[in-house]
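These notes are about the structure you will find just below.
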Amino acid sequence: MNIAVFCSGSGTNLQAIIDAHKRGDIKADLKLVVSDVPACLALERAKKAGIKTLIVERKDFKSKEDFEAEIIKNLNKEKIDLIVLAGYMRLISTDFVNQYKNKILNIHPALLPSFKGTHGIKDAFEYGVKVTGPTVHFVTQDMDAGPIILQGAIKVTEDDTEESLAQAIHKEEHKLYPRAIQLFVEGKIKIEGRKVRII
Ligand code: GRF
């Protein structure tokens, strides 16, 4: 199975995926890392690991359709079976999602369906939740709304700051995401309506 990881930032989840792959905990090919941000650290991590990279910047295309067409062309070329969004800061169009139906995963740093959007950690912390944590889910046309694959629970203590909580959530993400990817690779994830069954 061929995997492409999409990133826009620091790529700590990408690193966790690379490390899991090296350990043999993800039994698939990490074929391609796609980024819309040329200077991001994730690309450095990919290069260091010897993974092919693709930079596609939105500003270089007239429309979102053209921008995505360029990405899809490369995914087809690499025969990608699974797309893993790891801190990719762009919404994927409905057309794109439909072309890779049930083949795009995302990780969100809050327990969905609570605290959707780009500030999941901060929003949950400021709300005063006692438990939060990451969610791995399928990507559908609605943001942060696809069937949930795995979630990790992190207790919020009174001593926690937003930073300490973020650290704990990221640590959990780095365990959860490789596990979810390997479940997908093994064909153990079954979608039944809104629900996911791990078989
Ligand atoms: C993670 O917190 C993830 O939940 C969110 O974006 C962040 C990416 O971090 N979708 P990194 O680039 O993997 O370090």
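Residues are listed down the side, and each one gets a yes or a no for (1) loosely packed, with under 13 Cβ neighbours inside 10 Å; (2) of a type in the set (Val, Ile, Thr):
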{"residue": "ALA145", "(1), (2)": "no, no"}
{"residue": "ILE149", "(1), (2)": "no, yes"}
{"residue": "VAL156", "(1), (2)": "no, yes"}
{"residue": "LEU165", "(1), (2)": "no, no"}
{"residue": "ALA168", "(1), (2)": "no, no"}
{"residue": "HIS174", "(1), (2)": "no, no"}
{"residue": "ILE181", "(1), (2)": "no, yes"}
{"residue": "LYS190", "(1), (2)": "yes, no"}
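Selection of segment 129-154 for residues being assigned to a loop (DSSP other than H, G, I, E, B) and without any contact (Cβ under 8 Å) to a residue 40 or more places away in the chain yields VAL129, LYS130, GLY133, ASP142, ASP144, ALA145, GLY152.
Regarding segment 132-152, can at least one residue be identified that is over 20 Å from SER164 (Cβ atoms), small (Gly, Ala, Ser) and under 13 Å from the mean Cα position of the chain (by Cα)? Yes, some residue in segment 132-152 is over 20 Å from SER164 (Cβ atoms), small (Gly, Ala, Ser) and under 13 Å from the mean Cα position of the chain (by Cα). For segment 111-120, taking the residues that are of a type outside the set (A, V, I, L, M) and either in a loop (DSSP other than H, G, I, E, B) or surrounded by fewer than 17 Cβ atoms within 10 Å (Cβ to Cβ) (or both), the one that is nearest to the ligand (Cβ to nearest atom) is identified as THR118. The one condition from (1) within 17 Å of GLN151 (Cα to Cα); (2) surrounded by fewer than 18 Cβ atoms within 10 Å (Cβ to Cβ) that ILE104 does not meet is (2). I'd like to know if segment 6-16 contains one or more residues that are of a type outside the set (A, V, I, L, M, F, W, C) and more than 22 Å from ASP144 (Cα to Cα). Yes; the residues of segment 6-16 include at least one that is of a type outside the set (A, V, I, L, M, F, W, C) and more than 22 Å from ASP144 (Cα to Cα). Screening segment 24-47 for residues that are within 15 Å of the ligand (Cβ to nearest atom) and closer than 19 Å to PRO178 by Cα and picking the one that is surrounded by the most Cβ atoms within 10 Å (Cβ to Cβ) gives VAL33.
Pairing residues of segment 168-189 that are farther than 16 Å from THR132 by Cβ with residues that are of a type in the set (Asp, Glu) and surrounded by fewer than 16 Cβ atoms within 10 Å (Cβ to Cβ), at Cβ distances under 7 Å and at least 6 apart in sequence or on separate chains, gives PRO178/ASP25; GLN182/ASP25.
The numbers here are math on the coordinates, done by the rules we state, and not lab data. Just so you know, these numbers come straight off a predicted model, no measurement behind them. Every residue, glycine as well, gets a Cβ built from its backbone with ideal geometry; the counts of neighbours run over all protein chains shown.
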